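Every read-out reported here was derived from the displayed coordinates using simple, explicitly stated rules and does not represent laboratory data. These numbers come from a predicted model, not from an experiment. Quick reminder, even Gly has a Cβ in these numbers, built from the backbone with ideal geometry, and neighbours come from all protein chains shown.
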Amino acid sequence: MDRRTAIKILGTTIPSLYLSTHISAMETWTKVPFKPDWISLEKYRVPEWFQDAKFGIWAHWGPQCQPERGDWYARGMYQEGSDQYHYHIEKYGHPSVFGFKDVIHEWKAEKWNPETLMDLYKNTGAQYFMALANHHDNLDLYKSTNHKWNSVNVGPKKDIVQGWAKAAKKRGLKFGVSVHAAHAWTWYETAQRADKKGPYKEVPYDGHQTKADGKGKWWEGYDPQDLYAQNHQLSRDSEQDHTIHQQWHWDVDSGVSIPSHAYCENFRNRTVQLIDNYNPDIVYFDDTALPLWPISNVGLDIAAHYYNKSAKENNGKVEVVINGKILDEQQRKCMVWDIERGQSNKIEPQPWQTCTCIGAWHYDRRIYDNNLYKSAKTILHMLIDVVSKNGNLLLSVPLRGDGSIDDKAQFVVEGISSWMKVNSEALIGTRPWHIFGEGPAQEHAPELHAQGFNEGKGKPFTSDDFRFTTKKDTLYVLRMGRSEEKTITVLSLAKNVQNTKVIKNIKILGYNGPVQFKQDHHALIVEIPKDLIQDENATVLKITK
């Protein structure tokens, strides 16, 4: 089969720019369950274990945590006049002399103990753990033969992903990896700049450096262009820092700089090696749909490979999950929709996930100093709300650059653990009821925008807010917070309400005594036992036959 014949057969499924790589694989794809196209991927079904899991912990931890100055540091340090730019100059020096590659060199992860941390995470009742495999900074945190800039060769000289995987799997947690590096091509464009004023005016930042510039330096033999990927023309309006958000979708009409064929192929090879060598149960892509789609088919290649690998290893059943953002209706059948820092306002027909952090995605010392972490109560309310709507919560717990967890973050995690030890049965392994809840908070729920970001914009939950979950013949009623009232009143469980049966037995999780209640045509009214110490996070009623 020659190239012209292949183009005619494939039509518009695979962009012609990257067609040559896929032609040789065509006969292989015809023999496996999943092919690298959206129609084929619609055959995917979300595995039961993920639908049961409900709660995961994420270590969104890498070299950008080393400066302890917040997220997107490796981009912000090259934005003249920004907070991170000024901080970088004060801490490290000018970005023409000390670039992000040099921050990587400073990152040693000397206090990182994945075994101890995983014990802490396991105690929360989390069912899966997610490790950062790479971020937009383009450093692979695993041993890679396709990318010399990896944490085994530079920085901590450790296989971070392997350490996390070993600790998670030993404790029976499903293991995931998050992959963010597809956007390094445009994300690092700030590294091509130079100061417009001051003593370093017009001195280029180190994003222009090449392998030849490393002679006699610690990075001799390494090509900074393999890390920064900046030997290309800038995207349209790249000098405007917020333009990148408008170009995140790789829409050619947006003026985004189109990555080279070699860049896309290298990303694919790196990611396939990650999947093959570390066997993750979840791959989280920080991309619209799949990486580099639609300007390249490599994301579809990776997805088909991942699903086919799992099917082969599980007697034809796919037991793995891919997370992606801003999915259309077809794409939500092909993978699991992730909403960043936000929640759906309804029960979704397909399992979904929200991801959030108790602080910043990358460690920010100012959040610690100013006591700005989300509380355990806030996280638990979010978890309860998400689960009632057929979703999972993936929670990032910040780690310092050295790999340690600070005392305030640990306090939040331990607070989650305390509640979950008593009440996790109302969440783990459950499914939504016919409605997700009742109460004033849902009347003020904010709408979703882009990939999410409606978190914290609605009305806070109070003891008047309820969420419902089910497990076989059991209905769980989760009342948010605590109240001075002597009764709990649930309007949705009145006798005359649709899908409500006559209630004969109620228990309160964590309380062994009898519970008095009455059910009439107005509501279910449950008396709070006098000797019950109400949990400030939530009280759970367990209703059985």
- [ ] Hey, can you tell me all the residues within the stretch 124-160 that are under 17 Å from the mean Cα position of the chain (by Cα), of a type in the set (A, V, I, L, M, F, W, C) and assigned to a loop (DSSP other than H, G, I, E, B)?
- [x] Ala126, Leu141
TODO: Might you check whether a residue that is in contact with an Asp or Glu (Cβ under 8 Å, 6 or more places away or on another chain), at positive phi and not in a strand (DSSP E or B) occurs anywhere in the stretch 507-517?
DONE: yes
Open item on the list: When the residues of the stretch 508-519 are narrowed to those that are farther than 18 Å from Thr489 by Cβ and under 37 Å from the mean Cα position of the chain (by Cα), which ends up surrounded by the fewest Cβ atoms within 10 Å (Cβ to Cβ)?
Closed with: Gly510
Open item on the list: So if I check each of Ala182, Ala165, which one is of a type in the set (A, V, I, L, M, F, W, C), under 30 Å from Asp213 (Cβ atoms) and touching a Phe, Trp or Tyr at 6+ places or on another chain (Cβ under 6 Å)?
Closed with: Ala182
TODO: Quick one: in the stretch 49-71, of everything that is among the hydrophobic types (A, V, I, L, M, F, W, C) and either more than 21 Å from the chain's Cα centre (by Cα) or surrounded by 20 or more Cβ atoms within 10 Å (Cβ to Cβ) (or both), which residue is farthest from Ala168 (Cα to Cα)?
DONE: Cys65
Open item on the list: It is to be established whether one or more residues within the stretch 312-320 are under 23 Å from Trp248 (Cβ atoms) and either among the aliphatic types (A, V, I, L, M) or surrounded by 24 or more Cβ atoms within 10 Å (Cβ to Cβ) (or both).
Closed with: no
Open item on the list: Please list, ordered by residue number, the helices (runs of 4 or more DSSP H) wholly in the stretch 44-94 having 1 or more residues that are among the β-branched types (Val, Ile, Thr).
Closed with: 83-91
Task: Subset of the stretch 487-496 [surrounded by fewer than 16 Cβ atoms within 10 Å (Cβ to Cβ) and assigned to a loop (DSSP other than H, G, I, E, B)] - done: Lys495, Asn496
Open item on the list: Six or more apart or on different chains, Cβ atoms under 7 Å: show the pairs whose first residue is in the stretch 389-406 and acidic (Asp, Glu) and whose second is not in a loop (DSSP other than H, G, I, E, B).
Closed with: Asp406/Tyr368
Open item on the list: Only one of Glu110, Glu106, Glu189, Glu115 is closer than 28 Å to His242 by Cβ and more than 19 Å from the chain's Cα centre (by Cα). Can you tell me which?
Closed with: Glu189
